[in-house]
1. If you bin every alpha carbon distance in segment 4-86 into 5 Å steps from zero, what whole percent lands in each bin?
2. Search the structure for amide H atoms under 5 Å from the amide H of E49, placed 1.01 Å from N in the peptide plane, and list their residues when 5 or more places away or on another chain.
3. So what's the net charge close to K40: Lys and Arg +1, Asp and Glu -1, counting the other residues with Cβ under 11 Å from its Cβ?
4. For each pair in K18/K40; K18/K63; K88/K114; K55/K75; K18/K113, compute the distance between the two Cα atoms and list the pairs where it is over 29 Å.
Amino acid sequence: MSEVARIDKWLWAARIFKTRSTAVDAIKNSRVTIGGVNIKPSRMVKAGEIVSVKKPPITYSFKILQTIEQRVGAKLIPQIYENVTDPKQYELLEMNRISGFINRASGTGRPTKKERRALDDFVEPAMFGFDDDKGEIEEDDEEKKD
């Protein structure tokens, strides 16, 4: 175990990313920063540094406790880093999870029947011209339906 490690290897070894290549892609796409500064995959990190990782919709922050370049078991992770993510980020994650179907990620497939009806109920009032006082459909829209 050395005092420094490459950031791409550390992110993979600490199980923050599933593969080293996904860690490298995240670093190259400016989703990993140290002290608010974009870095390169070959950047050497040492214990005590705080790494920020953007995994939409939130940004995780990790304090490096131990520098490693070989992957370890999940039980040893608390010895490798400390999660210092702001609690507000987790609230944002919860709000995003609750909103669910409104912001569907691409590639998640078609909405279920229940989601489709909820989308229709959400969108239809905006599509039709409602009379603000009565809450009824205006006459022009009723003629189109006949």
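Taken together, the values in this text are just the output of simple stated rules run on the coordinates, not laboratory data. What you are looking at is a predicted structure, and each value in this text was computed from that prediction instead of being measured. Cβ placement follows ideal geometry from the backbone for every residue including glycine, while neighbour counts extend to all protein chains displayed.
1. Reading upward from the zero bin: 3, 17, 30, 30, 16, 4, 0.
2. Those qualifying (amide H under 5 Å, at least 5 residues apart or on another chain) are I64.
3. Overall, the nearby charge balance is +2.
4. Details: K18/K40 19 Å; K18/K63 19 Å; K88/K114 31 Å; K55/K75 23 Å; K18/K113 33 Å.
As for pairs spanning more than 29 Å Cα to Cα, those are K88/K114; K18/K113.
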